[in-house]
Structures are given as structure tokens and as C-alpha cells.
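The values are calculated or read from the model by the stated rules, or taken from the named source; none is laboratory data. These figures come from a predicted structure and were not determined experimentally. Every residue, glycine among them, receives a Cβ derived from its backbone with ideal geometry; neighbour counts consider all protein chains shown. We work out accessible area using only protein heavy atoms, side chains counted, and drop any ligands, DNA or RNA first. Shrake-Rupley method; radii C 1.70, N 1.55, O 1.52, S 1.80 Å.
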Amino acid sequence: MAKSKYEYVRKFEQNDQCLLNCWIVIRIDGRNFHRFSDAHNFEKPNDQRALQLMNKCAESVMKEFTDVVIAYGQSDEFSLVFKRSTSQFGRRASKLVTNVVSLFSSSYVFYWGHFFTYQELLYPPMFDGRVVLYPTEKNLRDYLSWRQADCHINNLYNTCFWCLVQQAGLTSNQAEDRLNGTVSSDKNEILFSEFNINYNNLPQMYRKGSVLIWEKMSDPSDSSQVNNFQKTRRQVALHHTDIIGDTFWNEHGDILDS
Ligand code: DGT
Ligand code: MG
Ligand code: MG
Ligand code: MG
Ligand code: MG
């Protein structure tokens, strides 16, 4: 078929194929969730409903894009890691990030009411997205460690901050001044001695964030047993666990193999 004289404009499109052999990380982050969390009365410092909704959205993305081997989320962000050999969308960065962000955002609205039973969604939320490539296992693990360390640092700070404001009656400025220059052990001590809170006993989801991986589980919908072997199905499993140390990676050696 003859091409129209306009066809040449295609050549202006840029090739944004991600480098081969690298893990493709897509990190999405809620736009101005400072305002969004206030407007929707999120509990401070952690709103269980909001975090569970984020996890549900990430699960939706993983079920659609099964080359995502692990996803890590905390606060208003999620990092989704495509296996290094993925050929999804020909590894085109713009295709990958826009599809992931749009499915995540639409899922956030779609599932809102499942988690926020009494809180109406007041306006459409937005998420940004970026693509980062990691060529070595060390780089990728360091990336995920960076996000989990960020979760810990922010959560410890925010937990102290809101105790000082909500329970001790300090103003925001006073609470900030009080925490200025403190290290982790100081904050643990404030929580323990002034608010009777053992930080390590707070919910793991708040302290560690959320880790989603594929796990083989026996399929309860399939009762047929072949040679005493129950069929297994890959399902998305949710963990709130340390991913900085080696234990998690030793127990789930297949995540980075693929
Ligand atoms: P951005 O990302 O530059 O558009 O701006 P923000 O406001 O989204 O800033 P960001 O992403 O650095 O920080 C996340 C905000 O979301 C932060 O203000 C706290 C809020 N947020 C996230 N999760 C929760 C939660 O569970 N409870 C409450 N109260 N706030 C939360
Ligand atoms: Mg930001
Ligand atoms: Mg944000
Ligand atoms: Mg954020
Ligand atoms: Mg089309």
C-alpha cells in the first residue's frame, strides 16, 4: 500500500528503548499527597487504608504486567521492578512508564471505596512516574535498600513528630525544634520514655513498607491431584519484611534469577 506523503513524520519519534540486560525500575509517586492526605483525612502518620489501597494498586499492575518480579511501596510511592530480560513494550521507556502509571492511578480510583468506606474521593489523584535502569544485582538491591531505609527514617521521625503534636500538645514548630539534631536512638528513647511506645512493636507495614512478589501457592480452585501433586499457581504475595539484609534474598532466590 502506498504511503501517504505525511508518513515521514514518524521518523521524528525518538527511540527510548531501555538498555538490554538491566532491571527496569519504575517508581511512581503521588502528586502533592501532602494536600491529598489532608483533604481525605488520612490518619497520621500512617493511614492503614491508604497503604492497603497502594498495595492493591501495585498488585493490579503486577497481575497485568507479569514481568514485574518485585514491587516495593511506602508512603505515596511504589517501585516496580521488571525482570532484566523483559521484552514488554519492546522495553520502550515511555510505554512502560505511562502504562504502569495509568493503571496504578485508575486502580487507585477504582478500588478507593473498598478501603475508604466512609471517606468520599474528593478529586482525582495524580501520580508521577520515572524509569531507572540498574545493571547489577548490587545496584538493584542498593536501590531497594535506599527506599526501605527512607521508609524507616521518615516513619521514625513522623511517629515522634505526631506523638509530640497530638499527645504532648506541642505546636508543629515546637515538635520540629525538639527533633532537630536528634539521631535514631534519641527518637526511640523519646517514644519509649515519654509515650510508652516501643518503636519495634509498631506494625511492620509502617516500619518496613510493603513488598510484593510472585509466589507459588497451591490452587484451592483446583481439587484434582495428579500423582499426589496439587497444582500450584503463581500468585502475588504481600510481605512487610526487611529487604536490606540477605535473609529475604536467600529465601527468595528466584526473584533476581529470571
Ligand atoms: P510531590 O510528591 O513532590 O508531588 O509532593 P508530596 O506532597 O506528595 O510529597 P512526598 O511524596 O515527598 O510525600 C508524601 C506525602 O504524603 C507526605 O506529605 C505525607 C503524605 N502521606 C503519605 N502517606 C501518608 C499516610 O499514611 N498518612 C498521612 N497522614 N499522610 C501520608
Ligand atoms: Mg517528592
Ligand atoms: Mg508524593
Ligand atoms: Mg512520596
Ligand atoms: Mg493505540
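Using Cα pairs under 8 angstrom and six or more residues apart, how large is the relative contact order of the chain, in percent?
So the answer I get is 23 percent.
Please work out how much length the chain gains when fully extended from residue 15 to residue 217, using 0.36 nm per residue of separation minus the C-alpha to C-alpha distance, in nm with one decimal.
68.8 nm
Could you work out the relative contact order of the stretch 109-258, using alpha carbon pairs under 8 angstrom and six or more residues apart, expressed as a whole percent? Present the calculation step by step, with values, prior to reporting the outcome.
Working: 113 pairs, mean separation 29.1, N = 150.
It comes to 19 percent, rounded to a whole number.
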Cα-based Rg of the stretch 1-147 normalised by 2.2 N^0.38 Å, two decimals: 1.22
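Probe radius 1.4 Å, ligands and nucleic acids ignored: give me the carbon and sulfur share of the accessible area of the stretch 122-258 as a rounded percent.
Whole-percent figure for carbon plus sulfur exposure: 48.
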Long-range amide H partners of residue 31 with built H, under 5 Å: 126, 127, 128
Kirkwood Rh in Å, taken over the chain so that all alpha-carbon pairs contribute: 20.7
Accessible solvent surface per residue of the chain, calculated while the other protein chains remain in place, 1.4 angstrom probe, Å²: 58
At least 15 Å along the helix axis (C-alpha) and Kyte average at least 0.0, DSSP helices within the chain: 93-110
Burial order of peptide ranges 237-248, 73-84 (average beta-carbon count within 10 Å, highest first): 73-84, 237-248
3J(HN,Hα) from dihedral phi, the stretch 66-77, Karplus parametrisation 6.51/-1.76/1.60, rounded to Hz, x for glycine, proline: 6, 7, 6, 9, 7, 10, 10, x, 7, 6, 9, 10
Mean-position separation - Cα centroids, the stretch 10-71 and the stretch 76-118, in angstrom: 5
